[in-house]
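These notes are about the structure you will find just below.
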Amino acid sequence: MLSVNRINTYRIPFTFEYYRPRTLREALEILRSVEGAKVVAGGTDLVVDMKFRRVEPKALVDVSKLEELRYVRLVEDYVEIGSAVTLQELVESEVVRARLPLLWEAVNSMASWQVRNIATIGGNICNASPAADTAPPLLAYGAKLLLTSLDGVREVGIGEFFVGPKRSIIRPDEVLQAIRVPVHPAGYGWSFRKVSRTSFDIAKISVAVLLKVDGGRIRDPRIALGAVAPTPVRARSTERAIESLSLEEALEVGPRFVEGDIAPIDDVRSTAWYRREVAKVLLRDSLRTAYERSLNPGWVHEG
Amino acid sequence: MYDFIGKTFPRHDGVAKATGLVEFTFDIEIPDMLYGRIFKSPYAFAKVRRIDTSLAESLGAVVLTPDSVPDRLFNPRLVSIEEDTFKDWRVLTYTPRYLGEPIAAVAAPSEDLAQRALEALKVEFEEVYEPILDPFKAMAPGARPIHERIVRGRTWVEVRNNVAAELRYSEGDVELEERRSDVVIERRFHVPRRYHVQLEPKGAVCKPEPDGSITVWTTTQTIHNTKILISQVYGIPMSRVNVKKVPIGGGFGSSIHTNLVTLIAVGLCLKSGRPVKLVLTREEDMVHDHVSFEFYMRIRAGATKDGTITFGEFENILDIGAHQVQAYPLLGTALGWFVSLYRWRAVRYYGRSVYTNKVPSCAIRGYGAPEVTWAVETVVDEMAEELGIDPLEFRLRNYRGRGEIFWGQGPTVKSVIRSDGVPELIARGSELIGWRNRGDPRSKTGRYRRGIGVGRGFHTSGAGGPLSGAIIDYSGAIVKVNEDGTVDYITALQDHGGGTLDAHAKIIAEELKIPPSKVRIVWSDTATTVYDVCTHASRGVYVGGEAARRAAAEVRRKVLEYAARILDAVNPEALRVEYDRELDDAVIYVEGAPDRRVTLSEVARIAWQRNWGSISASVSYRATAAPPSFTVYFVEVEVDTETGIVRPVRVVAGADAGTVINPELAAGQLHGGFAMGWSWAVGDEVSYTEDGVPAHRLSVADYKIPTALDLPKPEEFVVLFASTYEPTGPFGAKGLGEAASNPVIAAVANAIYNAIGIRFYEIPITPERVLEALRERG
Ligand SMILES: Cc1cc2nc3c(=O)[nH]c(=O)nc-3n(C[C@H](O)[C@H](O)[C@H](O)COP(=O)(O)OP(=O)(O)OC[C@H]3O[C@@H](n4cnc5c(N)ncnc54)[C@H](O)[C@@H]3O)c2cc1C
């Protein structure tokens, strides 16, 4: 039986406690001591889920105003982004635009200005949607996540973070504190592409590509895709297959391999068949764009 | 030649809307008010054994069950005459026939308590049946009857094979005409159900009055029919039900009937004796309340070598969902759209409306015309191609135009066409889009392919006619002059947000030669207005506007009578009226005697001071025609042959709306009409999973309509108005709202064909379908 009468999107149809801690430590203490507490940042995923009663947390711990989570910093060879930085702040960040152009391109394509003003990068990652648009670029860059609890900080690669649709390795008493992203490697071309039903929608398929061109050959390609597998995925076999190929060869070979790297399904947004076919198209388009950008040094931040 | 018609003025409600000051039903708060929630059936087809209300009541809620409302069948739409009204609805039911059908309702002092009380209701089901979701399965022998008996007019009728209504029609000799044809084409078309996505989810507030009457505020396109239905269902005299007109956030047909929420709110109010507010959430509105009709059409048509259309055969099966809103009249209008598009020498029609266990369907903008026009315009394009005749030429040779009989709204609503802008729109539009250079799809190559398509259609302006027919259609207006010469305009006619009433204000202003700013549009109610059937069928300006004009004309006569007394003219015929820009008022004067002048304000003041009485008029008006507003769309699209994504590149939207009263708002109708048609063509659809749950599940997040970024850039969207004059309309005006979207699907589909050489017979033409079709063709 469908619980149609339990849903009420005008109100969150159940009661819960709401905490707004002043420090990260306080947040971690509440998460440890209050049964059924859950982190909320912008709420653009979580509140929707609550209205539909897909989750019914007993308490929300609001981290969106914690200054400790709200910064973007260039530290040596990586950019550190606090988890409560909003998507719009990332779009407007010079550091992100110049040092992480692939991430910037993805974030710039997300949602609408209004949603970007409250949605956070931490929420996008921790929501662990296979379609999370920041995931493919972060996978391509090899980002690290700092997960913090009262026990301390653990640093995990983003590749190990996701385990299934809406499932990750984060523990209920942990907060994603920051994301460490190695700066865009010099001379690499990049491209993020996605298709969705309308210009204001979650992706049907997304592809992020980073690569270098050396003597007309592709080097160190890093390819990640969204919405075509239970989690955002790196296309490792494709990467291996196109290493050292010319662009023409890669356009031919890449799409053949990418099929093996993904496992799309039919859902309300599209079909498995379409996703498979268009993932190949987007891969080709992205390889071409990344290749061109790699050859054109003006496009890439130097130094 | 006009002072106000055809010019742009600020909308009377523009600032209030832009600043959020307008109060919609949702915003109404009354002291002591209760908040309602509806218990929706969790099954698509079931039987309730019992409802345990004790827990909910112990929380302090008032509970309404099927036992607490009159057990009387009704149809929420009161536009057909009673003999043609099929009644199969109850306010609340023990036999839910679609997922979400209201079984019970609660009202409590707070929204949270109401939600808790709702969850505290225990509804026990005796049986849960397998829902019938496909109309063909519903008609198959042995299928469980969704309704056994319903009431037509006042008579019980048996329902056989789940067929809710049927209509057959024929004219001429189809077999003979087919033998004479050189080309015959037969195609099947499928249009899914769609949601209206009107901005405002439905709601109602009902308040008991000290005199025992009730006052109702609700989302509706018709306050008078709402009053009548409440009166009929609850057995309350009409003089004790007052329905207030409230601004509505778009209609598109979704509130063309009286919504169930309204009737449930009334029931809760009567039972509790307290004011009750009941509003649907967006999800309830889109998943459990209404969708548009689903069409399965078969068209067979022929033409001769010289480019003359011979016959048309049309089979039309409608999946109407679990109840009838206007399942029978739609069979008639679908036929009307078909017959009136082209000069078929012979026609044969068979239409059936079929029950399924899905949310009831109601009209969506165009009432079947966009769907039928798409099918016909596809077949016509194909015939032209086969005959080697330019599709524009073929259309011009065969369409129904000036001087011919026309009956868009069904077989009982016929009139003669008196204004026709089709040749002008085709000539100018084809030039602007570059029709001649559109190329042949077979010669187009490359990943991105462009194509240009045309769609020609029309909509009626209302459903009037010289004979009474099966449809009720008349309107009314009251115009009164205040003692300072300003004017109050009182009408029951609803403005859905398109600016219909601003058009009326201008019509009145033009008739009286006073500025539109002096005409106040009064927020009225059923107690203080005369009957208007409904704002539907693109009749707001044509019928309602003419009622307003006639009331204003009567006021003008009275003003002239009084002015003749003041100016000592021999009689009112000696007087002229003119708008004086400096005085910003009407000036009445004797021709040739410039010193004999008086302003309208002065006339009003004198009439008051000298006890001559109020200057006012009340008019009830029936239009004796429903003239077609023709529209011709030229659309250019670009198809990405690798992703199947279709992008709109350019649009030329041509409309023959007669005299254009509000040019900017009329252009807005075309922009909006295109957006909606585009969405139907390539985007939105309500499909169902096997348990009767809409496949988009429960959220508007997965029901996609285009955003501004998905539509053509404003500079690539050209609006053309034909220079026509409709002799039966107010100052020559006709309707526009539905004509604005009717040919869009057709134009888009024909453009896609011109780009890639593939015809689609099922909408929406999604990227998935385009890519699959391209791959299949190889
Ligand atoms: C209209 C609309 C359009 C959208 N468009 C897009 C789009 O184009 N692309 C896209 O990828 N997404 C889109 N989204 C989804 C959503 O906006 C993003 O995923 C957003 O980044 C979520 O961030 P948030 O701060 O709102 O997360 P919240 O909803 O607050 O949280 C999401 C989840 O993450 C957890 N969480 C949040 N922060 C932390 C933290 N610091 N530590 C631990 N757990 C945490 C929460 O407990 C929750 O489980 C859209 C959503 C809407 C409503």
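Read-outs: derived from the displayed coordinates by stated rules, not from any lab. All figures in this text were calculated on a predicted structure; none of them were measured in a lab. In this analysis, Cβ positions are derived from the backbone assuming ideal geometry, glycine residues included, and neighbour counts consider all displayed protein chains.
Placing unit charges on the Cβ atoms of the charged side chains and taking the dipole of the range A:188-294 about its Cα centre, the candidate lying farthest along the positive direction among A:191, A:226, A:202 is A:202. When the Cα positions of A:257, A:7, A:124 are compared along the charge dipole of chain A, A:7 comes out farthest toward the positive end, with charges on each C-beta of Lys, Arg, Asp and Glu.
Take every pair of alpha-carbon atoms less than 8 Å apart whose residues are at least six positions apart; their mean separation over the length of chain B yields a relative contact order of 16 percent. The mean number of Cβ atoms from other chains found within 10 Å of a Cβ in peptide A:271-280 is 3, as a whole number.
Could you tell me the convex hull volume per residue, in Å³, taken over the Cα atoms of the range A:188-294?
Details: hull volume 8.7 nm³, N = 107.
Taking the convex hull of the Cα positions in the range A:188-294, it is 82 Å³ per residue.
Around the Cα centre of the range B:474-621, unit charges on the Cβ atoms of Lys, Arg, Asp and Glu (plus for the first two, minus for the last two) sum to a dipole of about 220 debye.
Using R₀ = 22 Å, calculate the FRET efficiency as 1/(1 + (r/R₀)^6) where r is the Cβ-Cβ separation of residue B:584 and residue B:19; round to 0.05. Please list the in-between numbers first.
Details: r = 26 Å, r/R0 = 1.16.
E(calc), rounded to 0.05, equals 0.30.
At q = 0.05, 0.06, 0.07, 0.08 Å⁻¹ the log10 of I(q)/I(0) for the protein assembly as shown amounts to -0.37, -0.54, -0.73, -0.94, computed by Debye summation with a single uniform scatterer per C-alpha, solvent ignored.
Taking every DSSP beta bridge that has both residues in chain B, what percent is antiparallel when rounded to the nearest 5?
On the way: 110 of 137 bridges.
Here the share of antiparallel DSSP bridges comes out near 80 percent.
Distance between the pseudo-spin-label points of residue A:171 and residue B:49 (7 Å out from Cα toward the beta carbon): 4.8 nm.
Cut-off under 26 Å on the C-alpha distance; same-chain residues fewer than 8 positions from residue B:7 excluded. Which lysines are left, in chain and number order? Candidates past the 8-residue exclusion: B:17, B:480, B:506, B:513, B:518, B:713, B:734. For the peptide A:8-16, the mean number of other protein chain Cβ atoms found within 10 angstrom of a residue's Cβ is 6. Can you give the % of DSSP beta bridges in the range A:27-85 that are antiparallel, to the nearest 5? For the range A:27-85, the DSSP antiparallel bridge percentage is about 50. Straight-line reach from residue A:166: taking Cα to Cα under 18 Å and skipping same-chain neighbours fewer than 8 places apart, the aspartates and glutamates in range are A:45, A:49, A:56, A:133, A:174, A:201, A:266, A:267, B:702.
For residue A:212, list the lysines whose Cα falls under 25 Å from its own Cα; do not include residues on the same chain fewer than 8 positions away. Cross-link targets: A:144, A:194, A:280. A Cβ-based charge dipole, computed about the Cα centre of the protein assembly as shown with Lys and Arg at +1 and Asp and Glu at -1, lands at about 680 debye. Using the alpha carbons alone, the radius of gyration of the range B:623-778 stands to its Kirkwood radius in an Rg to Rh ratio of 1.05.
Tell me, Kirkwood radius of chain A from alpha-carbon pair distances, in Å? All intermediate terms of the calculation are to be shown ahead of the outcome.
Details: mean 1/r = 0.0502 Å⁻¹.
Hydrodynamic radius (Kirkwood, Cα pairs) of chain A is 19.9 Å.
Using a 10 Å cut-off on Cβ atoms, rank the peptides B:540-549, B:562-571, A:231-240 from the highest mean neighbour count down.
On the way: B:540-549: 29.7, B:562-571: 16.8, A:231-240: 21.0.
For the peptides B:540-549, B:562-571, A:231-240, the packing ranking is B:540-549, A:231-240, B:562-571.
Summing Cβ point charges (Lys, Arg +1; Asp, Glu -1) relative to the Cα centre of the range A:68-182 gives a dipole of roughly 240 debye. Absence of a disulfide-compatible partner, taken as no other cysteine beta carbon within less than 4.7 angstrom, is noted in chain B for B:362, B:534.
A simple packing score, the average count of other Cβ atoms within 10 Å per residue, orders the peptides B:153-161, B:219-227 as B:219-227, B:153-161, with the highest score first. Coordinate range of the alpha-carbon atoms in the range B:420-563 per principal axis, descending: 72, 37, 28 Å.
Projecting the Cα atoms of A:72, B:579, A:57 onto the charge dipole of the protein assembly as shown (Cβ charges, centred on the Cα centre) puts A:57 farthest toward the positive pole.
Peptide A:187-200: average number of partner chain Cβ atoms within 10 Å per residue? Working shown, then result.
Details: counts 0, 0, 0, 0, 0, 0, 0, 0, 5, 1, 11, 9, 6, 7.
Counting Cβ atoms of other protein chains within 10 Å of each residue's Cβ and averaging gives 3.
For chain B, adding -39500 (n - 2.57) for each run of n ≥ 4 DSSP H residues and dividing by the number of residues yields -8000 deg cm²/dmol at 222 nm.
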